[in-house]
Each structure stands twice: as C-alpha cells, then as structure tokens.
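A short write-up of the structure that comes next.
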Amino acid sequence: MNAAARKRVLVFAFTAPAAAILLAVVLYPFVYNMLLSFSDMSLRHFRLWSLIGLKQYSKVFSEPGFYTVFGKTILWTVINVFFHVLIGVFLALVLNQQIKGRSIFRTLLILPWAIPQFIVALTWRGMFNYEYGAINLILSQYLGLSPIPWLQSPTGAFAAAIITNIWLGFPFMMVIALGGLQSIPGELYEAADIDGATSWQKTRSITLPLLKPVMIPAITLGIVWTFNNLNIVWLISNGGEPADQTHILVSYVYRAAFNLYRFGYAAALSVVIFVILLVLSLSFMKRTHATASAY
Amino acid sequence: MLLTYTFLVVFTLATLYPIVQVFSISLRPANRLLSTSLEIIPQGWTLDAYRQLFVEKPFLRWLLNSTLVSVIVTLTGVALASTAGYAFSRFEFLGKKAGLTGLLVTQMFPATMLLLPLYIMLVKLGLLNSYIGIIIVYTATALPFCVWQMKGYYDTIPYTLEEAARIDGATQFFAFYRIILPLAAPGLVITALFSFITAWSEYLVAAQILQDSALYTLPIGLKQFESSMSTEWALYAAGSLVVSIPAVTLFLLLSRWLVSGLTLGSVKG
C-alpha cells in the first residue's frame, strides 16, 4: 500500500466509528424530526401517520399561546444572562484582588454550577414552598414580611424559576471573567497609576474593555444554554403549574411531545425554536463582533 | 477592603444557604419533617434518613443502575471522541468543515429535537425501558461537545511531534497511540468527566425512557421522594447529598480544565 492509500485507510479508521454513531443518533433523528414536523403523527396516528405539508407549522404560529411563551422565553433569557454576567463579573473583580482565602471563596462560589441541575431545581422548589419553605420563613421571621405564594401564581412561579437559575448560573460567568482578568497585563495598571487614574477609571478604561472579548463567547454560550434550559422551569413549576402558565419554549414543546403526545406539532415547534435560537445567537455574535464560533 | 470582604462573605453565604438547608432537612426526625423552624441543626436530629436510604429503600439499586449507565456512556464517549477529535484536528477530509459546524449547531437544538425522534424510534424498536435506549440518547447528547473538546485539545499539541516519530519510522497510528494520546491525557479526563456527569445527573430524558422501577436511575428515584414531600422530604435531602458528592467532586477537579477548554476553543474557532 502506498502512503496516500494508507493515509486514507487511517482517516477512515479514525472517523468511521464516531461518524457512524453521530449519523445514527444525531443526523438521522434530526432528519426524522424534520419528516415528523410535516406529518400528523400523534398518539392516535402513531402507526398510520401521513404527511400533511406545512399544517403543523401554521398551527405553531396560529396558537396564541406560542407568542406569550416566546415573549416569556426572551424575558427569561435576558434577565438570567444579565444577572449571571453582572454577579459573575462583580465577584471576579473582587476575587481578583489580593484577599485572604481567595481560593476557598472561589471553590465555594463555584458550587452552584457543580451540583446536578435537577437537584438544584427540586431543592429550590422545596425552599419556595408556601408554608414550610425557607424563603417564606426568612421573609416572615426575619424581615417581618408576609409570605409570598411563589408556586401558586404564574408570576411567582416564573420569578422562582428565575431566582433559581440566577443562583445556578453566575459561577460560570465568574470563572470565565476571572480567567480573563488574570490575562490582563499588570503593566497597564502601573501605567495608569503613573497617570494618576482612579480605580474606577482603571476599571472602566482597562479592565472592562479587555474583559469584553473573553466574555462575549461566554455570553453567547450562556444565551444558548439559558434559552434551552428545560430542567429548571420544568422542575420548579412541576411541569408548567399553575394552570400551564409557567413555560418557556423548550418546556412548552417538551409538554406537547411527552404529556400531550402531539408528535407532529412538537417536531415542528422544535424546528421553529431551533431556528429562533440560531438567528438570535448569530445576530448577537455579529453585533458584538465575536469570533465565528461559540466554543 | 472591608466593604469588599463583606460583599464576598454575604454572597458566599447566600450561595451556601440552599446546600446547608438540604443538609439540615436530611437530619430532621420524622415527626419534625414539616417544621417552620430555621435552625440548622434540627431539634432531635438523626441520621435515620441515611439509614433508611440504604437499608429500606432501593437506593443502592439506583446507585448501581446509575453507575452502570454512566460508566458505559463515559467509555463510549472517550473512545469515540478521542479518535474523531484526532481526525478533525489532524486530517483533511471531505465534509470536515460541515461536520464541525454541524456538531456546534446541535448545541442549539431544544431538548425535544433529538429526544422526540429517538423516543419514537426506541418505541418502534422495542427499546423503551432498556439501558441501550438511554445510553444511545445520552451519547447523542454528550458526544458533540466531547468531539469539539478533544479536537481543541489535540490542536494545542504541535504536529512536529508526529512528524519526528514518522521520520524515526513509526506509523501514524503508532504516533497517535504512543505519543499523542498520552499527551492528551488531560483532554481525555475532561471528556470522561463530562460524559460521566451528563449521564449521572440527567432526569428529564430518563423519566421518559425508563418507566420500569427496577431500571430507575438515581435522578428518577430522588424525584419520587421529592413528590411525596410530607413523608419523604428527609430521604430526598439525604439522597440528593449522596448523589451530589461524586458529581461535585468530579466537577471541581474538572472545572479548571473545562473552562480552559471552553475559552481555548473560542480563540481557535
């Protein structure tokens, strides 16, 4: 065998196993999902389903619930990512100073990211319980406020999910920002000191601009993760309670698929959600001039 | 300085509070399960929930099931990602760019995009209620990230190493297996830990695929305790601590590498 042929065999040997599996478990389901989205498949039409063109897509856009949930998803993503970045960068700035026990604080502050998400969600759900949850007990026993019916009202449940998700999401931004801060050369600050800059001026003109290129890819990733975070909303609201009001797009489609068995509709909605997220993140990357890819 | 410190301590306490809460609930005796007290060590505290978990409840069984599933997903992930990542890093071939972009784009799929068709396929193949089914879905979830991660890691290892080996007469496979793979060990560790944690901590997919209680993994089992909060709240708390400990330990070991992987890739593209 000559060298070129040997190389081809090698490339094949390296790529074939993963390619075969990826084709089988990613590409094939994806194509199958596209097919389903043009079909009337449901629990009733599970074996005898037929292609019905774009009807499921027009159903997606004609149901008013879709627009409400879409709006909530945007609100959910913006609030979460905003607080993740704000808290994360703030803590990173604090941790970047010469303080005692820095690495201990850093480790403790990463914990919310490390704990399995379903446990975070179920634990916070317990803490939001009206009578026995820690949140209401703190509100009434220490702050003298009346307890809030978190999980009984749509706004309360949505707020509870957001609080939980902020708690679990800031460590990622903190760690990224900390890495970014450590790569800023110290000479810049020394030069600024010579020029008599205040610490606020240094933060605004040196730290934040140099942090931006590190944070933009992380924020893009954060948007994608938050937009599609099924665990928190689903488990905090126990599947959309009260009265199916607490949903973001991804929990809405999960419910359509696995509780309502509207397979064709859910497949179409999945495609719509994917396209929305793709457009959103691409335009975000374009506007912020981020590097081509999120990873 | 004092202000900074105060902020830091307040934030850290807020971060730790839910964890302390779970610990506190796990110590509650059965008759004080629903209590409106905020004390951390409850009156008449007991380790009974932990005993019940391991002796009376099928917790060990779930632990075993979860371990089995997670280990298989990890081994599959490492084997596939270490070879595919190498090919993406070192070779030119048809569809390479499309493949890499495709893997990236899968990260934007809503959960149902692959789960629903896979679920329907598993129903038709009679693989619902089987570990093969859930292992397929977990592999599909974790693999794209792992391949990217490994590609990024190989990219940091200079190609001159393989060239030197080739000049000494080694085959490319030998160079990969004996020179590059050992150097890529940290990358392999990240891939392994990431796959393991993905499988270990997953609830929503498992809830659809595993309906036979003998097959339950830890997350489904814990959710059951949580559902009957008034009677099994302490069991949930104790169980969730036990489940979190390995995940958190692995994660803390991994976090430094994970982040460097994430940011490395962003520069390299």
Give me, ordered by chain and number, the residues 5 or more places off A:S39 or on other chains with an amide H under 5 Å from its own placed amide H. A:I52
Quick one: Cα centre-to-centre distance for segment A:18-77 and segment B:71-87, in angstrom? 30
Compute the orientation-averaged projected area for segment B:57-268 from the convex hull of its Cα atoms and round it to one decimal in nm². 13.7
Taking the alpha-carbon distance from B:K223 and a cut-off under 29 Å, which lysines remain once sequence neighbours fewer than 8 residues away in the same chain are dropped? A:K72, B:K57, B:K124
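Percent of Cα-Cα pairs more than 15 Å apart in segment A:62-130, please. List each step's numbers first, then the result.
Details: 1696 of 2346 pairs.
Taking all Cα-Cα pairs of segment A:62-130, the fraction more than 15 Å apart is 72 percent.
What's the average, rounded to a whole number, of partner chain beta-carbon atoms within 10 Å of each residue's beta-carbon in B:32-42? Kindly include the intermediate steps, with their values, before the conclusion.
Numbers: counts 0, 1, 3, 2, 8, 3, 5, 0, 0, 0, 0.
That average works out to 2.
Could you work out the mean count of beta carbons from other protein chains within 10 Å of each residue's beta carbon in B:18-24? It would help to have the intermediate numbers written out before the result.
Values: counts 14, 6, 1, 7, 6, 0, 1.
Mean shielding count: 5.
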Could you calculate the FRET efficiency of B:Y17 with B:A170 from 1/(1 + (r/R0)^6), where r is the beta carbon distance between them and R0 is 51 Å, rounded to 0.05? 0.35
Could you compute the longest span of chain B free of GluC sites (Glu not before Pro) located in DSSP loops and having at most 13 other Cβ atoms within 10 Å, not counting the site residues? B:93-269
Okay, helix-only estimate at 222 nm for chain B: each DSSP H run of n ≥ 4 adds -39500 (n - 2.57), divide by all residues, round to 500 deg cm²/dmol; what do you get? -24500 deg cm²/dmol
Separation between Cα centres of segment A:110-175 and segment A:195-251, rounded to whole Å: 17
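Once the mean 1/r over all distinct Cα pairs of segment B:1-46 is inverted, what Kirkwood radius in angstroms do you read off? Kindly include the intermediate steps, with their values, before the conclusion.
Details: mean 1/r = 0.0832 Å⁻¹.
Its Kirkwood hydrodynamic radius stands at 12.0 Å.
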Once the principal axes of the Cα atoms of segment A:102-198 are found, what is the range along each, listed largest first in whole angstroms? 58, 31, 26
Over segment A:1-110, one equal point on each Cα, no solvent: what is log10 I(q)/I(0) by the Debye formula at q = 0.12, 0.17, 0.22, 0.24 Å⁻¹? -0.86, -0.93, -1.17, -1.22
Grab the beta carbon distance between A:T203 and A:S146, set R0 = 35 Å, and tell me the FRET efficiency rounded to 0.05. 0.30
As an exercise, take the mean of 1/r over every pair of distinct alpha carbons in the protein assembly as shown, invert it, and state the Kirkwood radius in angstroms. 25.4
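Under a Cβ-only charge scheme (Lys and Arg +1, Asp and Glu -1), can you give me the dipole magnitude of segment A:51-287 about the Cα centre, in debye to the nearest 20? Please report the intermediate quantities before stating the final value.
Working: 14 positive and 8 negative charges, 81 e Å.
Value, rounded to 20: 380 debye.
Taking each residue in B:96-109, count the Cβ atoms of any other chain within 10 Å of its Cβ, then average. What number comes out?
Details: counts 2, 0, 0, 5, 2, 2, 4, 3, 4, 4, 5, 8, 15, 13.
That works out to 5 on average.
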What is the extension gain from B:R178 to B:E39, computed as 0.36 nm multiplied by their sequence separation minus the C-alpha to C-alpha distance, in nm to one decimal? 44.3 nm
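Got the relative contact order for segment B:57-268 handy, in percent, Cα pairs under 8 Å and 6 or more residues apart?
Contact order relative to length: 33 percent.
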Through the Karplus equation 6.51 cos²θ - 1.76 cosθ + 1.60, θ set to phi - 60°, convert the phi angles of segment B:140-153 into ³J(HN,Hα) values in whole Hz; use x for Gly and Pro. 4, 6, 8, 4, x, 4, 5, 5, 4, 4, 5, 4, x, 5
Express the C-alpha Rg of chain A as a ratio against the empirical globular expectation 2.2 N^0.38 Å, rounded to two decimals. 1.26
What helix-only [θ] at 222 nm does chain A give? Using -39500 (n - 2.57) per DSSP H run of at least 4, over all residues, to the nearest 500, the answer is -23000 deg cm²/dmol
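Sorted from fewest to most neighbouring beta carbons within 10 Å, what does the list B:S35, A:S58, B:S66 look like? Walk me through the numbers on the way to the answer.
Numbers: B:S35 16, A:S58 11, B:S66 23.
Ascending Cβ contact count within 10 Å gives the list A:S58, B:S35, B:S66.
Which trypsin sites (Lys or Arg not before Pro) in segment A:92-198 sit in a loop by DSSP (not H, G, I, E or B) and have at most 12 other Cβ atoms within 10 Å of their own Cβ?
Numbers: sites: A:K100, A:R102, A:R106, A:R125; in loops: A:K100.
When the trypsin sites (Lys or Arg not before Pro) of segment A:92-198 are filtered for loop state and at most 12 Cβ neighbours within 10 Å, A:K100 remain.
If R₀ is 51 angstrom, what is the calculated FRET efficiency for the pair A:I184 and B:T67, using the beta carbon separation as r and rounding to 0.05?
Values: r = 43 Å, r/R0 = 0.85.
Using R0 = 51 Å, I get an efficiency of 0.75.
Laboratory data are not the source of any read-out in this text; all were calculated from the coordinates shown. Given the structure is predicted, the values throughout are model-derived calculations rather than measurements. Every residue, glycine among them, receives a Cβ derived from its backbone with ideal geometry; neighbour counts consider all protein chains shown.
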